[in-house]
Every structure is written in structure tokens, then in C-alpha cells.
Amino acid sequence: MKSSAKSAASRENHLTVRRVERQQHLIERLHAAADRITVGTLARDFGVSARTIARDVERLRQSGVPIDVTTGRGGGVALGRHGRIPAIAFDLREIAALMASLTALGPTASPSATSAMDKLATALTGGSMT
């Protein structure tokens, strides 16, 4: 592989990791919000363009994340409210897939990524989870 191709691949991987981290933080931010947040506010807070936030929101929605989008005056984005988050049971292959994804992101990229990786590892080893 030529040096320029390696450099382009490395840059693409770096941008992908940054996008995934931003999308994780976006979900967490929307979950913590009491009301809709404008795309402009999110863009300013995350240090990216409004278009980048709009693309992130659309990717997340296409992936099944329940994000409500209201356009026009007074609009914004909000995470769909569905009450308490139920317990989820994963089989071994699902745990492995999640762990591999967290490893690619960086299992210490955020406190929630670290916590998720710890819980998955505990579940994989048959330990008790708190």
C-alpha cells in the first residue's frame, strides 16, 4: 500500500472514530435534556457544523435510535421518551459484537464506554453485575 493510501485510510479511520464518539455523546446529551435542543446549539457545543449534526442525527435515526426531529420555528431534536429502560439479555455472540465495537471505538473513550465494557466483560466471565 502506498504511503498516500495509508495516510488516507488512517485519516478515514480517525474520522470514523470521532464520528462514533460524537454520536455517542449526542445520544447521551439528548437523553439528559429536558426538552428539544436545536441543531445549531448542538453544533456549537460539539464544535462542528449544523450539517454534521444533521447527518449524525439522520444516521442514528436510520440505525433505530428513537430521535424525534421537529422542523421550523421552535424545532429541534429530542430523544424519544419511553420511560424506564428495560433490562436487556444478550447472548454470547451479541456480547462479542458489542465488545468488538467498543474495542474499535476505544473502551475508555468515555465513562459510559468504560462502564459498558466492564459490564460486558463481567457478563462474559459469568460474574455478578452491579
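Observations on the model:
- When Arg73 is tested against (1) modelled with pLDDT of 85 or more; (2) over 28 Å from His14 (Cβ atoms); (3) assigned to a helix (DSSP H, G or I), just one condition goes unmet, and that condition is (3).
- Single residue of Ile67, Ile53 found to be under 10 Å from Val39 (Cβ atoms), under 17 Å from the mean Cα position of the chain (by Cα) and surrounded by 12 or more Cβ atoms within 10 Å (Cβ to Cβ): Ile53
- Residue identified as under 17 Å from Arg19 (Cα atoms), among the hydroxyl-bearing types (Ser, Thr, Tyr) and modelled with pLDDT under 90 among Thr103, Thr52: Thr103
- Tabulated pairs, region 100-111, first outside any helix (DSSP H, G or I), second loosely packed, with under 15 Cβ neighbours inside 10 Å, C-beta under 6 angstrom, 6+ apart or interchain: Thr108/Thr114
- Residue in region 72-86 that is on the phi > 0 side of the Ramachandran plot and surrounded by 12 or more Cβ atoms within 10 Å (Cβ to Cβ) present: yes
- Here Gln23 clears all of (1) farther than 22 Å from Asp118 by Cα; (2) of a type outside the set (A, V, I, L, M); (3) in contact with an Asp or Glu (Cβ under 8 Å, 6 or more places away or on another chain) except the condition numbered (1).
- Filtered by the rule that a residue be assigned to a loop (DSSP other than H, G, I, E, B), of a type in the set (A, V, I, L, M) and at pLDDT 80 or above, region 76-87 gives a lone residue, Ala87.
Yes/no matrix, rows are residues, columns are (1) under 14 Å from the mean Cα position of the chain (by Cα); (2) of a type in the set (Asp, Glu):
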{"residue": "Val17", "(1), (2)": "yes, no"}
{"residue": "Gln24", "(1), (2)": "yes, no"}
{"residue": "Glu28", "(1), (2)": "yes, yes"}
{"residue": "Ala33", "(1), (2)": "no, no"}
{"residue": "Arg36", "(1), (2)": "no, no"}
{"residue": "Leu42", "(1), (2)": "no, no"}
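- Contact map, region 26-42: first residue in the same structural domain as Ala54 (by TED's automatic domain parsing), second residue acidic (Asp, Glu), Cβ cut-off under 6 Å, separation 6 or more or different chains; pairs are Leu26/Asp56.
The values are calculated or read from the model by the stated rules, or taken from the named source; none is laboratory data. If you're wondering where the values come from, they're calculated on a predicted model, not measured in any experiment. Neighbour counts run over all protein chains shown; Cβ positions are idealised from the backbone, glycine included.
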